[in-house]
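Working notes, beginning with the structure itself.
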Amino acid sequence: MGTVQAVEGSKWDQEVLKAKEPVLVDFWAVWCGPCRMLAPTVEEIAGEYAGRLKVLKLNTDENQDIASRYQIMGIPTLLFFKGGNVVDKVVGVVPKRQIKERVDAILT
């Protein structure tokens, strides 16, 4: 079963930009209630797409440089990467179905 791993700024390029598989990054913060609401859905996605999609989370308070680089203005924000590039974005708490539709589109 897949798990959501934390990513730090020092590992960003290796874990996200140079990843062989598509990557979903959950931008969140400890104090963010909606982030906590979305976290179980992100965990489920990680399990369902294990081996096909890398799922990471990035604490925006501890990695402000990366959040700024990708113009994260509100959290939770999910960014979808493929080949080192952002290919999709979801802001806020959304139904699991919407996230799965975007993941499926990236994997095809």
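Quick note: the coordinates plus some simple rules give every number you see, no bench work behind them. Since the structure is predicted, the reported quantities are computational estimates derived from the model, not experimental observations. Quick reminder, even Gly has a Cβ in these numbers, built from the backbone with ideal geometry, and neighbours come from all protein chains shown.
Per-structure values
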item: Helices (runs of 4 or more DSSP H) contained entirely in the range 15-108, each with at least 1 residues that are under 11 Å from the mean Cα position of the chain (by Cα); result: 33-48, 96-107
item: First in the range 87-102 and farther than 10 Å from Thr41 by Cβ, second anywhere and small (Gly, Ala, Ser) and exposed (fewer than 14 other Cβ atoms within 10 Å of the Cβ), Cβ under 9 Å, 6 or more apart; result: Val87/Ala105; Asp88/Ala105; Val91/Gly74; Gly92/Gly74
item: Whichever residue in the range 1-53 is of a type in the set (A, V, I, L, M) and either free of Cβ contacts under 8 Å to residues at least 12 places away in the same chain or under 14 Å from Asp104 (Cα atoms) (or both) and, among such residues, is surrounded by the fewest Cβ atoms within 10 Å (Cβ to Cβ); result: Ala50
item: Any hit, the range 65-82, residues being among the small types (Gly, Ala, Ser) and touching a Leu at 6+ places or on another chain (Cβ under 8 Å); result: yes
item: Hits in the range 1-52 (condition: in contact with a Lys or Arg (Cβ under 6 Å, 6 or more places away or on another chain) and of a type in the set (Gly, Ala, Ser)); result: Ala6, Ala19
item: Condition check for Leu78: closer than 17 Å to Ala105 by Cβ and crowded, with 21+ Cβ neighbours inside 10 Å; result: yes
